[in-house]
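Asks: First the structure, which I've put down as structure tokens, then a few questions once you've had a look.
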Amino acid sequence: MWNRLTHFVSIPCTGENFRDGFHSFKTRVLEENTKETVAESLFQNPNKLHLTLGVMTLDDDKSKLLAIETLNDCKESVIRPLLKENKLKIQMSGVDIFKKNLSKARVLYGKVVCPTDELILQQLANSVRRCFVDKGLMSGSDQVTLHVTLMNAQFRIRKERKNKMKSSTTFDATDILQGFAEYDFGVDELSGIEISHFGLYGDNGYYKPLSSITIP
């Protein structure tokens, strides 16, 4: 029996620099794009920009408590040893899609890396995910595909479904990949990791947290 996913472990990427960079990117894409399938409804809300480390079904108090304990344990077993007392700054630069058919893209994302250590963000993400996999809260590989979703055909589908409109399940990203392949969204400091609730939002517009820890 399939269990509905309720929560995900996220790293918010909603700092001022990233939000400003995203706004400029969105404005330019809409001004310069020539493809009919590209519209404003495809774009992410800047208050929801994030990295996803994994998804979970937390459908009772026991599983929620285990997830909270696991996140807290990650701070001591993963984050402190890896970062020491250093802040973690990441750069978002360049865009890509998961499927290589540019004319039928479903998701377009920003690529992220720590500018002073190319491996540390990937190490942190993989290690945190591994903690949740080891506890049986997540399944699959320990490897995280680092990406910040910027455009998603599902965003348009959800918005237009409310207006009873039929929408395309893909969009043509050819112009975007050609014009913004190396676009620099800026550098921001990551502040924490959260267990976020699908479909619920806080006063700041980001996903409502079940629990959170600070970085470092």
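Asks: Show the residues, 5+ positions off or on another chain, whose built amide H is closer than 5 Å to the amide H of Met151.
Replies: Amide H neighbours of Met151, under 5 Å, 5+ apart: Gln44, Leu108.
Asks: Also: Calculate one ³J(HN,Hα) per residue across the stretch 68-75 by plugging θ = phi - 60° into the Karplus curve 6.51 cos²θ - 1.76 cosθ + 1.60, and present them in order as whole Hz with x for glycine and proline.
Replies: My calculation for the stretch 68-75 gives 5, 4, 5, 5, 5, 4, 4, 4 Hz in order.
Asks: Going down the table (Lys26/Lys75; Lys99/Lys159; Lys26/Lys89; Lys64/Lys99), which pairs top 32 Å between alpha carbons? Don't skip to the answer; put the middle values down first.
Replies: Working: Lys26/Lys75 35 Å; Lys99/Lys159 23 Å; Lys26/Lys89 23 Å; Lys64/Lys99 34 Å.
From Lys26/Lys75; Lys99/Lys159; Lys26/Lys89; Lys64/Lys99, over 32 Å: Lys26/Lys75; Lys64/Lys99.
Asks: Spelling out what I want: for every residue of the stretch 134-145, take phi, set θ = phi - 60°, compute 6.51 cos²θ - 1.76 cosθ + 1.60 (Karplus), and round to whole Hz; glycine and proline get x.
Replies: Per-residue couplings from phi come out as 4, 8, x, 8, 10, 10, x, 5, 7, 7, 9, 8 Hz.
Asks: A follow-up question, please. Under the Karplus relation 6.51 cos²θ - 1.76 cosθ + 1.60, θ = phi - 60°, what is the ordered set of whole-Hz ³J(HN,Hα) values for the stretch 45-54, x standing for Gly and Pro?
Replies: Working through the residues one at a time gives 6, x, 6, 10, 4, 6, 9, 9, 9, x Hz.
Asks: Given the Cα-Cα distance of Ser41 and Asp134 and 0.36 nm per residue of separation, how much length would full extension add, in nm? Each step should come with its number before you reach the end.
Replies: Details: separation 93, 0.36 × 93 = 33.48 nm, distance 3.79 nm.
Working it through step by step, the gained length comes to 29.7 nm.
Asks: Per the helix-only calculation at 222 nm, which mean residue ellipticity applies to the chain, given -39500 (n - 2.57) for every DSSP H run of n ≥ 4 and division by its residues, nearest 500 deg cm²/dmol?
Replies: Details: 6 runs with 67 residues, N = 216.
Result for the chain: -9500 deg cm²/dmol, rounded to the nearest 500.
Asks: Can I ask one more? Would you mind checking which residues have amide H under 5 Å from Val38's amide H? H placed 1.01 Å from N; only 5 or more apart, or other chain.
Replies: Those qualifying (amide H under 5 Å, at least 5 residues apart or on another chain) are Asp172.
No value in this document is a laboratory result; all are computed from the given coordinates. Small disclaimer: the values here were computed from a predicted structure and weren't measured.
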